[in-house]
Amino acid sequence: TILLLNNKGVHFKWFFALGFLLIAAASLFMYFEVQTAGMLERMKWPVIIRATGMMLLYSLIAVYANQRMPYKLLSTWVCIMLTVRMVIAPGIGSALYQVVFQHRQQYYITRYAHDYDRTNAETATTYDMTARGMSETEAQNMAAMSTKGKVQVQATLSAIKEISGWTIYACVILAGLMLVVPWPKRDISKDTKEWCIDY
């Protein structure tokens with residue numbers, strides 16, 4: 001489909017921009033859908049949209065390189081792409097995401113924990129209900145554990161939403177760059193000359 005549209009005059013930059021916009025759309029879906037009352041069944045849609053965007057980008061890189069790169073370097077390029085896609089990118093991406101997520105989650109835990117004390121009506125009510133039939137120490141421990149769970153859930157949701165927001169901005173900027181940056185035209189005569197020399 002990409003090759004057919006490209007042969008009809010649709011430039012590759014529009015496909016690259018579409019790939020980044022699909023990833024941004026998946027993150028936008030996550031931004032609004034990730035909540036305490038969210039349904040797990042609806043999470044399939046951002047996964048499908050993001051996977052479509054990623055597949056579009058990787059296939060575009062392969063097709064674009066196939067058209068622009070000398071044929072003798074094509075096998076090397078395929079090896080590099082597979083190495084980056086299957087080994088390097090997942091390792092770096094998951095490690096970076098985990099570090100950023102833990103950092104932002106801890107930030108929100110610290111931030112939200114300040115609001116949970118006896119001056120907070122909900123916290124005070126929870127403490128009073130927990131304190132019935134317990135000693136003061138036990139009641140404090142139980143109330144602290146209950147509050148910690150609520151704060152951690154809220155901090156996790158906030159961290160996911162913040163990272164999703166960063167992803168949306170990054171993808172929109174990259175999509176804009178794909179449309180603004182000049183793309184060099186292919187020198188067909190040079191490619192034909194190289195092909196004749198090789199064969």
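The values are calculated or read from the model by the stated rules, or taken from the named source; none is laboratory data. These numbers come from a predicted model, not from an experiment. Positions of Cβ are backbone-derived with ideal geometry, glycine not excepted, and every protein chain shown enters the neighbour counts. Note: accessible area is taken over every heavy atom of the protein model, side chains too, but ligands, DNA and RNA are not part of it. Shrake-Rupley method; radii C 1.70, N 1.55, O 1.52, S 1.80 Å.
Some points to look at:
- Every residue from the stretch 26-48 that is part of a helix (DSSP H, G or I), open to solvent by 40 Å² or more (accessible area, probe 1.4 Å) and not charged (D, E, K, R): Leu28, Phe29, Met30, Tyr31, Phe32, Leu40, Met43, Trp45, Val47, Ile48
- Any hit, the stretch 76-85, residues being modelled with pLDDT of 85 or more and surrounded by 11 or more Cβ atoms within 10 Å (Cβ to Cβ): yes
- Per the conditions (1) open to solvent by less than 50 Å² (accessible area, probe 1.4 Å); (2) closer than 19 Å to Leu179 by Cα; (3) free of Cβ contacts under 8 Å to residues at least 40 places away in the same chain, the sole criterion not satisfied by Ala51 is (2).
- Residue within the stretch 106-117 that is at pLDDT below 90 and among the β-branched types (Val, Ile, Thr) present: yes
- Index of the failed condition, Leu179 passing every other in (1) open to solvent by less than 60 Å² (accessible area, probe 1.4 Å); (2) at pLDDT 85 or above: (1)
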